[in-house]
Amino acid sequence: MDLKETHISELLIAGNIDAVKTLTQQAVDDGCSAQDILEKALLPGMDIVGQRFKACDMFIPEVLRSAKAMHGAMSILRPLLIASGVPMVGALVIGTVQGDIHDIGKNLVAMLFEGAGFKVVDLGADVKPETFVQAILDHQASVVGLSALLTTTMPRMAEVIQAIKAAGLREKVRIMVGGAPVTADFAFQIGADGFAPNAASAIEKAKQLV
Ligand code: B1M
């Protein structure tokens, strides 16, 4: 089945929540792999949403509808992506840092970590440093993943790392950072152990670290 013919990308950009979910289910039923639907239809659609938002061709309510459509499709793909995974390799605590409510990329990273065999503790978005620390203790996490989509919330990543150090946990966890404005240089400056530009490379990097 040619995923282009399903028009999932176009409907995602148009924010058609019901149609994106229905067509994602149909594509699965027709034998498309969850990874193909994600990489060939959904992610390219979200890229275009980002470009149009930047160019002021789309506004926040429209972008939110596309984000909701993406979440709906993900609710179908998530169990399939996870099911294609391997046995557990460690516990990962992940969240978007305080002040930042962007969670689509973080959810994707979390989902692929689950698929890669990690036990994932997803703290959601707008997460305080102390919440990360408590979750590391509660779940004996070996990896912490921090996501930020705003240049203004990138410094919150350094605050989480400081809080982890202050709690005496720095040697126990590997810390990974990511999100559109985050760079390898920034990760190094704030004392993170790793950076990944996208979800797939985040998994590879984390596996090297643990
Ligand atoms: Co926001 N927003 N937004 N937004 N938004 C951006 C980020 C922006 C770049 C748009 C733009 O101007 N071009 C811009 C930031 C500019 C900047 O800081 N330099 C921006 C802005 C300004 C804002 C507001 C301030 C707008 C306003 O209110 N005036 C506001 C902020 C609210 C807040 O957080 N306090 C805001 C709000 C929103 C919505 C609520 C409307 C919505 C979020 C919905 C949601 O997430 N539930 C939204 C969206 C959707 C976007 C864009 C269009 C798309 C983001 C997205 O989901 N991309 C975005 C433009 C863009 O990025 N092109 C934009 C798809 C996602 C799969 O990619 O998240 O990058 P991404 O994740 C990737 C990688 O980055 C990486 O892997 C993922 C998958 O490959 N990755 C990691 C992410 N986390 C990782 C962690 C890792 C490793 C890799 O290790 C742990």
- [ ] Please give the length that would be gained between Asp57 and Met1 if that part of the chain were fully extended, namely 0.36 nm times their separation in residues minus their C-alpha to C-alpha distance (nm, one decimal).
- [x] 17.0 nm
Task: Principal-axis tilt of helix 129-139 within the chain, Cα atoms, nearest 10 degrees - done: 90
TODO: Just subtract the alpha-carbon distance of Asp29 and Leu209 from 0.36 nm times their residue separation and send over the number in nm, one decimal.
DONE: 61.1 nm
Task: Kirkwood-based shape ratio for the chain, expressed as Rg/Rh from alpha carbons - done: 0.99
- [ ] Can you send over the solvent-accessible area of Arg174, 1.4 Å probe, protein chains only, in Å² to the nearest 10?
- [x] 70
Task: Crossing angle, helix 17-29 versus the chain [Cα axis fit, 0-90 degrees, rounded to tens] - done: 90
Open item on the list: To the nearest 20 Debye, how big is the dipole of the chain about its Cα centre, given +1 on the beta carbon of each Lys and Arg and -1 on that of each Asp and Glu?
Closed with: 520
- [ ] Have a look at Phe113, Val20, Val97 and report the one farthest towards the positive end of the charge dipole of segment 1-122, computed about the Cα centre with Cβ charges (Lys/Arg +1, Asp/Glu -1).
- [x] Val97
- [ ] Anything over 21 Å Cα to Cα? Flag those among Lys21/Lys119; Lys119/Lys172; Lys106/Lys205; Lys40/Lys205, in the order listed.
- [x] Lys21/Lys119; Lys40/Lys205
Open item on the list: Using Cα springs under 10 Å in a Gaussian network model of the chain, which residue among Glu114, Glu159, Glu171 shows the largest mean-square fluctuation?
Closed with: Glu171
TODO: Mind pulling the angle between the C-alpha long axis of helix 60-83 and the longest principal axis of the chain? Nearest 10 degrees, somewhere in 0 to 90.
DONE: 80
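The values are calculated or read from the model by the stated rules, or taken from the named source; none is laboratory data. Only a predicted model underlies this, so the values are computations on that prediction, with no experimental measurement involved. Virtual Cβ from ideal backbone geometry, glycine too; neighbours counted across all protein chains shown. For the accessible areas, the whole protein counts, side chains as well, though only heavy atoms, and no ligand, DNA or RNA atoms are used. Shrake-Rupley method; radii C 1.70, N 1.55, O 1.52, S 1.80 Å.
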